[in-house]
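Down below is the structure, laid out as structure tokens.
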Amino acid sequence: MTVEEGEALAAACTLRRVRAEEWQSIRELRLEALRDPIAHLAYLERLEDALQRPDSYWQEQAQTAAAGTAVGKFVALGDHGELAGTVTALVTVPGEPDYIGETSPHLRAALVGVYVRPARRGGGVLEALLSETEAWLQGIGVRQVRLHVNEDNVRAQGAYRKCGYVDTGTRVEMVDGVNHEMVREL
């Protein structure tokens, strides 16, 4: 794929915050992500667990991610309204533990659940999703965003570096193994 073709693919996407009524599409995209051959390196949740969750769980997740400032889920929609990818930002207020149990004296955010459909990878969709998410985070006062990437998930590490994320050298042990902390100043 040429750079021009990639930019055209990204431009063909509409970027926005998820809507509560899109819970079924979000569920299907999450299940697809968990079926990815490297899902065991990318997600802390397992497919078997996600399949057992009731509709009410997915409805609540979409509702929470669609409004407020604690969670923001952003989606890229293709030409026909299909979800091409998603990014979720978890915002933690000063002094409260974040998703890995760490606290900070600053408002901070972590990116989780990042997924771009294979047909859309390498075409600028990830960059556009991250940019949309980061703009929202800046708007609510977040100055640094971080994420954690499994040490064996070199594809994701490279993609995040390309988007301006820097490895801090901090390693975090999670259920999926050792993860590299990566940050980006906003």
task = Take the residues in segment 72-101 that are of a type in the set (Gly, Ala, Ser) and part of a loop (DSSP other than H, G, I, E, B), then tell me which one is surrounded by the fewest Cβ atoms within 10 Å (Cβ to Cβ).
result = GLY101
request  = Can you work out which of the residues in segment 85-106 that are among the aliphatic types (A, V, I, L, M) and modelled with pLDDT of 95 or more is farthest from GLU32 (Cα to Cα)?
outcome  = VAL93
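Looking only at residues in segment 1-22 that are buried (at least 17 other Cβ atoms within 10 Å of the Cβ) and either charged (D, E, K, R) or over 16 Å from the mean Cα position of the chain (by Cα) (or both), which one is modelled with the highest pLDDT?
GLU22
The values are calculated or read from the model by the stated rules, or taken from the named source; none is laboratory data. Predicted model only: the values in this text are computed from it and were never measured. Cβ atoms come from the backbone with ideal geometry, glycine included; neighbour counts cover every protein chain shown.
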